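Derivation of every value follows stated rules applied to the coordinates shown; laboratory data play no part. Remember, it's a predicted structure, so these values are computed and weren't measured experimentally. Counting neighbours? That spans all protein chains shown, and the Cβs are built from the backbone with ideal geometry, glycine included.
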Amino acid sequence: MIGAKWAFGLGAALIAGFALVIAFTTRDAAQRATLETVTEPRAVGDERFFPATEPIDVGKPLVTVNGRQLRAVENEFMEHRASRMEKTSEDDSGSFFIYKSLDEPPEFLFLKASPDKYVKARSE
């Protein structure tokens, strides 16, 4: 009789353990969006390229950021490593990220045109 009580208790504990695992797994799956949010502060992996071709029209408004226009300051693309470009914001339409270079003066901003090419701009 003692063996049957042990077997019953062990079986009940095993079923309760499985029930807890299922409950926690379901809860985690429901919260996956908040539990596994990853942000990349650099340009690495950004595939939202700004559609520009060389020569770039210097002084031409490119995008609007916080109500201010970004204008091109160079007629050629600037080459930078994506790991050296830091996200600062998005344009007002939400289509493109705006970057600053860790190797350039902070008054210049950049739009990503291809994996390692950027349009250099200034806010006005």
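Which one of these is farther than 29 Å from P115 by Cα, in contact with a helix residue (DSSP H, G or I) (Cβ under 8 Å, 6 or more places away or on another chain), surrounded by 11 or more Cβ atoms within 10 Å (Cβ to Cβ) and of a type outside the set (G, A, S): D28, D46? Explain how you work it out, then say what you get.
Numbers: D46 fails: farther than 29 Å from P115 by Cα.
Selected residue: D28, the only one of D28, D46 that is farther than 29 Å from P115 by Cα, in contact with a helix residue (DSSP H, G or I) (Cβ under 8 Å, 6 or more places away or on another chain), surrounded by 11 or more Cβ atoms within 10 Å (Cβ to Cβ) and of a type outside the set (G, A, S).
Under 9 Å between Cβ atoms, which residue pairs at least 6 apart in sequence (or on different chains) link something in the range 19-45 that is free of Cβ contacts under 8 Å to residues at least 40 places away in the same chain with a partner that is polar (S, T, N, Q)?
Close Cβ pairs (under 9 Å, with a partner that is polar (S, T, N, Q)) amount to V44/S83.
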